[in-house]
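**Q** Input: one structure, supplied below.
The values are calculated or read from the model by the stated rules, or taken from the named source; none is laboratory data. Just so we're clear, the structure is a prediction, and the values are computed from it rather than from any experiment. In this analysis, Cβ positions are derived from the backbone assuming ideal geometry, glycine residues included, and neighbour counts consider all displayed protein chains.
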Amino acid sequence: MLVVMKNDATEAQVQAVIHEIKKLGYRGIPMPGAQRTAVCIIGNKGPVEDSRLLALDGVKETIPVTKPYKLVSRETQPESTVIAIGDVKIGGGGLVMMAGPCAVESEEQALTIARLVAEYGAQVFRGGAFKPRTSPYSFQGLGEEGLKILQKVRKETGLLIVTEATDHTNIEVVEQYADIIQIGARNMQNYSLLRRAGHASKPILLKRGFAATIDELLMSAEYIMSEGNNQVILCERGIRTFSDNTRHTLDLSAILSIKEASHLPIVVDPSHAAGRREYVIPLSKGAVAVGADGILVEVHHDPSQALSDGMQSLYPEQFRELMAEIKLFNR
Ligand code: PEP
Ligand code: MN
């Protein structure tokens, strides 16, 4: 349930509502909006008896939330969330470009790619230091050494850094170095990691699991938000279907459904969906056309030598071309 405050409600009145909700045995989370503040009640199993809440000063009305997820729902917060990191704003109509290799392989590799994608207009550099790999024998990432390289990339290029935390043993160190902490598709339902991410001081980029429904993705985001971190960016990166012409199937209609259901920003990763670089530019254009808030693409200066995901990595020149194509959308 949502307790909607009057336009002129004071902070003390909001706190009084939160206090009353606590006395009822639930938690109240304030959701400040452009028009009004609402307090979202979480922790209730069924309907909440609202007469005591309605009697409090500053309360306008109570509204039941019909969805199983509450904090991520547009019912709770009608305005789209905008996550501001430095000068970069994610959500709310703009388009953020995140680009870089699958994995940080060396300082020279990361800096070479970062300089190019920065020159061509990316705002965020991606690159895994901790890599979740299907095979235990594949390159697992450079670990903290990779994070230190990413720090150099930020310093030299000014790009923000998004990099993955693969479990609760490395999220703490990733949090220290990253501007955005990625939680990968394989970990979308790693609930202890999601809860820990809910205590992080940095925004979280949460990727959709290969076999996850949109409701499941939103429930995972709810885990993070319910622990107090409301800076969540969702990511559609392709799902597993019977279609085997591509690595995964990019679910572009998910962007529309998610925008309807949730106020959180959503970016699209066409690289992991396609698995082939030739498909990445057209799929990115599709993502922009359906209203994605950003694109996350893999770029490598020498894909044939990449330690992971070379086949789907754009050449830097192709990233430049992608940027030019996307400008035509005028967003
Ligand atoms: C990645 O971004 O490199 C990655 C491993 O992605 P996903 O979790 O979507 O497979
Ligand atoms: Mn990859």
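**Q** Among the residues of the range 106-125, count how many are more than 16 Å from ligand 2 (Cβ to nearest atom) and surrounded by fewer than 23 Cβ atoms within 10 Å (Cβ to Cβ).
**A** Within the range 106-125, residues that are more than 16 Å from ligand 2 (Cβ to nearest atom) and surrounded by fewer than 23 Cβ atoms within 10 Å (Cβ to Cβ) number 12.
**Q** Let me ask another. Taking the condition surrounded by fewer than 16 Cβ atoms within 10 Å (Cβ to Cβ) and within 13 Å of ligand 1 (Cβ to nearest atom), does Arg331 pass? Give the derivation first.
**A** On the way: surrounded by fewer than 16 Cβ atoms within 10 Å (Cβ to Cβ): yes; within 13 Å of ligand 1 (Cβ to nearest atom): no.
Considered against the rule, which asks whether it is surrounded by fewer than 16 Cβ atoms within 10 Å (Cβ to Cβ) and within 13 Å of ligand 1 (Cβ to nearest atom), Arg331 comes out as no.
**Q** Something else now. Condition check: among the small types (Gly, Ala, Ser) and either without any contact (Cβ under 8 Å) to a residue 40 or more places away in the chain or closer than 20 Å to Ile204 by Cβ (or both). Does Ser106 satisfy that? Explain how you work it out, then say what you get.
**A** Values: among the small types (Gly, Ala, Ser): yes; either without any contact (Cβ under 8 Å) to a residue 40 or more places away in the chain or closer than 20 Å to Ile204 by Cβ (or both): no.
Criteria not met by Ser106.
**Q** What's the number of the only condition in (1) more than 27 Å from Glu216 (Cα to Cα); (2) crowded, with 16+ Cβ neighbours inside 10 Å; (3) in contact with a Gly (Cβ under 6 Å, 6 or more places away or on another chain) that Lys6 fails to meet?
**A** (2)
**Q** Suppose the filter is within 16 Å of ligand 1 (Cβ to nearest atom), modelled with pLDDT of 95 or more and surrounded by fewer than 20 Cβ atoms within 10 Å (Cβ to Cβ); does Gly128 pass it?
**A** No: the conditions fail for Gly128.
**Q** Going by what's in this entry, would Lys60 be described as free of Cβ contacts under 8 Å to residues at least 24 places away in the same chain and either assigned to a strand (DSSP E or B) or within 16 Å of ligand 1 (Cβ to nearest atom) (or both)?
**A** no
**Q** Moving on to the next point. Tell me the residue from Val48, Val4, Val82 that is in contact with a Lys or Arg (Cβ under 6 Å, 6 or more places away or on another chain), more than 30 Å from Ile295 (Cα to Cα) and of a type in the set (A, V, I, L, M), please.
**A** Going through Val48, Val4, Val82 in turn, the sole match is Val4.
**Q** Spot the failing condition for Thr166; the list is (1) touching an Asp or Glu at 6+ places or on another chain (Cβ under 9 Å); (2) within 18 Å of Cys102 (Cβ to Cβ); (3) part of a loop (DSSP other than H, G, I, E, B); (4) not hydrophobic (A, V, I, L, M, F, W, C), and only one is missed.
**A** Exception for Thr166: condition (1).
**Q** For the range 131-148, which positions are among the hydrophobic types (A, V, I, L, M, F, W, C) and either in a loop (DSSP other than H, G, I, E, B) or within 16 Å of ligand 2 (Cβ to nearest atom) (or both)?
**A** Let us first name the residues in the range 131-148 that are among the hydrophobic types (A, V, I, L, M, F, W, C), namely 139, 142, 147.
Scanning the range 131-148 gives Phe139, Leu142.
**Q** Moving to a separate point now. When you check Leu322 against the structure, is it buried (at least 17 other Cβ atoms within 10 Å of the Cβ), away from ligand 2 (no atom under 16 Å from the Cβ) and touching a residue at least 40 places away in the same chain (Cβ under 8 Å), yes or no? Steps first, answer last, please.
**A** On the way: buried (at least 17 other Cβ atoms within 10 Å of the Cβ): yes; away from ligand 2 (no atom under 16 Å from the Cβ): yes; touching a residue at least 40 places away in the same chain (Cβ under 8 Å): yes.
Taking the combined requirement at face value, the residue satisfies it.
**Q** Of the residues Val48, Val39, Val65, only one is buried (at least 21 other Cβ atoms within 10 Å of the Cβ), in contact (Cβ under 8 Å) with a residue 12 or more places away in the chain and at negative phi; which? Explain how you work it out, then say what you get.
**A** Values: Val48 fails: buried (at least 21 other Cβ atoms within 10 Å of the Cβ); Val65 fails: buried (at least 21 other Cβ atoms within 10 Å of the Cβ).
Testing whether each residue is buried (at least 21 other Cβ atoms within 10 Å of the Cβ), in contact (Cβ under 8 Å) with a residue 12 or more places away in the chain and at negative phi leaves just Val39.
**Q** Moving on to the next point. Going residue by residue through the range 196-210, is there one that turns out to be small (Gly, Ala, Ser), within 16 Å of ligand 2 (Cβ to nearest atom) and touching a residue at least 12 places away in the same chain (Cβ under 8 Å)?
**A** Step one: list which residues in the range 196-210 are small (Gly, Ala, Ser), which gives 197-198, 200-201, 209.
Filter again for within 16 Å of ligand 2 (Cβ to nearest atom), leaving 209.
Still in the running and touching a residue at least 12 places away in the same chain (Cβ under 8 Å): 209.
Yes, there is a match, as at least one residue in the range 196-210 is small (Gly, Ala, Ser), within 16 Å of ligand 2 (Cβ to nearest atom) and touching a residue at least 12 places away in the same chain (Cβ under 8 Å).
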